[in-house]
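Trainee: Sharing a structure below in structure tokens format, with a few things to ask.
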Amino acid sequence: MPRAIKNLRTEPIAMKFLKKKKVPTVIELFCGAGGTSLGFARAGFDVRLGLDCDVEALKSFALNHPHAESVNELIEKCSGAQLLRGQTLRR
């Protein structure tokens, strides 16, 4: 019979950053309505940007993440520099 692991830490990854006064950030590509980034936000991450080519999906993303930027563009037309510009993120 398996033995229980004592002192198993189950704190979210984001908590390690919060202890250092840093909040990890998320940029979601192919974001749709933002379900994946909603999970990140609930785990303590800062959702900064969602990119999708579907306007209707981006409207839902904007409702789910009012503080994040919504970008309606094809991924082929975006560079990493363009996505990071204005997001105060490091490469």
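The values are calculated or read from the model by the stated rules, or taken from the named source; none is laboratory data. Values in this document were obtained by computation on a predicted structure and should not be read as measured data. Ideal geometry is used to build each Cβ from the backbone, glycine not excepted, and the neighbour counts take in all protein chains shown.
Trainee: Pick out, from the chain, the helices (runs of 4 or more DSSP H) lying fully within it that include 1 or more residues that are touching a strand residue (DSSP E or B) at 6+ places or on another chain (Cβ under 8 Å) and modelled with pLDDT under 90.
Mentor: Numbers: elements: 13-19, 35-42, 55-64, 80-84.
Result: 80-84.
Trainee: Can you run down the residue pairs with Cβ atoms below 8 Å, 6 or more apart or on separate chains, where the first is in region 63-91 and farther than 16 Å from Pro24 by Cα and aliphatic (A, V, I, L, M) and the partner is modelled with pLDDT under 90 and in a helix (DSSP H, G or I)?
Mentor: If the second residue must be modelled with pLDDT under 90 and in a helix (DSSP H, G or I), the pairs left are Val71/Leu83.
Trainee: Write out, first by first residue and then by second, each pair whose Cβ atoms fall under 7 Å of each other, whose residues are 6+ apart or on separate chains, and whose first residue, in region 13-37, is over 17 Å from Cys53 (Cβ atoms) while the second is at pLDDT 90 or above and in a helix (DSSP H, G or I).
Mentor: Taking only residues 6 or more apart or on different chains, the pairs are Val26/Ser37; Val26/Phe40.
Trainee: Something else: Restricting attention to region 52-73, which residues are surrounded by 18 or more Cβ atoms within 10 Å (Cβ to Cβ), farther than 21 Å from Val23 by Cα and not hydroxyl-bearing (Ser, Thr, Tyr)?
Mentor: Of everything in region 52-73, those that are surrounded by 18 or more Cβ atoms within 10 Å (Cβ to Cβ), farther than 21 Å from Val23 by Cα and not hydroxyl-bearing (Ser, Thr, Tyr) turn out to be Asp52, Ala57, Leu58, Val71.
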